[in-house]
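Worksheet: the structure to be examined is printed underneath.
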Amino acid sequence: SYTTDTKSREENKKTLENLYSLSVDITKIRRLKEWVLLQDVTYVKEIAGILQDMGADETTVANIIERCPEAILHTPAEINSQRALWQLVCQNEKQLIKLIEQFPESFFTTDYQQNQKANILFFQELGLKNNIITRFLTSAPNIFYNPVEKNKNVIETLQRNYLNLGGSEANMKIWILKLLSQNPFILLNTSTAIQDNLEFLRKNDFTDQEVLQLLSKLKGFIFQLNSTTMQKSMLFSKNIFKCSDQELKQLVLKCPALLYYSVPVLEERLEGLLKEGISIAQIRETPMVLELTTQIVQYRIKKLSALGYNIKSGNLESLNGTKKDFEVTYGKIQSKKERPIFNPVAPLHIED
């Protein structure tokens, strides 16, 4: 409903005055979204008043408006409705204002309030904790724009498949909640896409138990794939590692990245490892190393080499894992290197 034609229009003087009075850096708005300053109707004072009422100081208000200038185009009624909506999952207004300052665009998207409310209530019924729902609102707001029926449909498809694959009724709720917490974007997929991907795995001789294992390991990423890309990635891995279908299946179970990374990504990572003098045999032994970007691999090899650890002859396990895992491994190798070697037959120098 807002025009972005900036040629023939002038900036709204009243808007500028109100923004100046709040110490807002107008040059930032001009650079980011000048069209906001051209609108005939804005609610600068009103929106600032609502934010201040929630506990925001002048600097916070200015920061929010600079980062999301569209905030001043919303009516006070819209923002108060949004405030009430987010209060369903926020502990208090202090937490709410902190979230608005960090993620203003998520808060000031008010077009889907009915869907947002219905989805918040659905997630609460499902058993998701409020702190997880607030994380969704800020980092995956699109899932709240869906009609609640669509999200319910995807969840029901997941539940049905979980049981069909041999999962137990008792564990299903925990499994669903964990999957959603790890990757809420699975809700942006259609039930058909989920079904097709599971069918693809079955056709490739993965047992129900193995499919279930993959679903948990992939943290829901499998639902964002399609059978064509999975097929290409598997074929690429089969040719590189020169293995049978059964061996390939075991590699995929060990390292699901072989399934969800595209061929160009796998090629680039493989090339990076080979340049470091690592062999295909070593990679086949520890395929999880392909989950790491080339930059991370180079950085870790450099750190280990400084300790005298030769990755070419050593085990690639030391490269694996999260940043925290690597730091633990690195620390162990470092302390081992620094520890003095005790010689049991060396004479002890003891003063009388």
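Observations
- Residue selected from segment 246-289 under the condition of a type outside the set (A, V, I, L, M, F, W, C) and more than 24 Å from Leu225 (Cα to Cα), by the criterion most open to solvent (accessible area, probe 1.4 Å): Lys275
- Test: residue in segment 85-96 that is more than 18 Å from Lys117 (Cα to Cα), open to solvent by less than 50 Å² (accessible area, probe 1.4 Å), touching a residue at least 24 places away in the same chain (Cβ under 8 Å) and assigned to a loop (DSSP other than H, G, I, E, B): no
- Residue match in segment 201-212 (condition: modelled with pLDDT under 80 and under 17 Å from Ser262 (Cα atoms)): no
- Helices (runs of 4 or more DSSP H) contained in segment 233-332 and holding at least 2 residues within 30 Å of Leu198 (Cα to Cα) and of a type outside the set (Gly, Ala, Ser): 245-254, 257-260, 263-275, 280-285
- Some residue of segment 6-28 being under 29 Å from Phe136 (Cβ atoms), free of Cβ contacts under 8 Å to residues at least 60 places away in the same chain and in contact with a helix residue (DSSP H, G or I) (Cβ under 9 Å, 6 or more places away or on another chain): yes
- Of the residues examined, Thr293 is not one that is polar (S, T, N, Q), within 21 Å of Lys219 (Cα to Cα) and crowded, with 16+ Cβ neighbours inside 10 Å.
- Residues that are among the β-branched types (Val, Ile, Thr) and open to solvent by less than 30 Å² (accessible area, probe 1.4 Å), drawn from segment 169-210: Ile176, Ile186, Ile194
- Condition broken by Trp175, with the remaining ones in (1) more than 17 Å from Glu210 (Cα to Cα); (2) among the aromatic types (Phe, Trp, Tyr); (3) touching a residue at least 40 places away in the same chain (Cβ under 8 Å) satisfied: (1)
- Beta carbons closer than 8 Å, at least 6 apart along the sequence or on distinct chains, pair a first residue in segment 231-257 that is touching a residue at least 24 places away in the same chain (Cβ under 8 Å) with a second that is surrounded by fewer than 17 Cβ atoms within 10 Å (Cβ to Cβ) and among the aliphatic types (A, V, I, L, M) for Lys232/Val263; Ser233/Val263; Phe236/Val263; Ile240/Ile280; Phe241/Ile280.
- Taking every residue in segment 108-135 that is in contact (Cβ under 8 Å) with a residue 40 or more places away in the chain and of a type in the set (S, T, N, Q) and pairing it with any residue that is part of a loop (DSSP other than H, G, I, E, B) and open to solvent by less than 40 Å² (accessible area, probe 1.4 Å), at least 6 positions away or on another chain, the pairs with Cβ-Cβ distances below 7 Å are Asn130/Val89; Thr134/Val89; Thr134/Cys90.
- Lys45 vs. criteria of a type in the set (D, E, K, R), surrounded by fewer than 21 Cβ atoms within 10 Å (Cβ to Cβ), without any contact (Cβ under 8 Å) to a residue 60 or more places away in the chain and within 27 Å of Leu158 (Cβ to Cβ): no
The values are calculated or read from the model by the stated rules, or taken from the named source; none is laboratory data. Only a predicted model underlies this, so the values are computations on that prediction, with no experimental measurement involved. Neighbour counts run over all protein chains shown; Cβ positions are idealised from the backbone, glycine included. Surface accessibility is based on the protein's heavy atoms, side chains included, excluding ligands, DNA and RNA. Shrake-Rupley method; radii C 1.70, N 1.55, O 1.52, S 1.80 Å.
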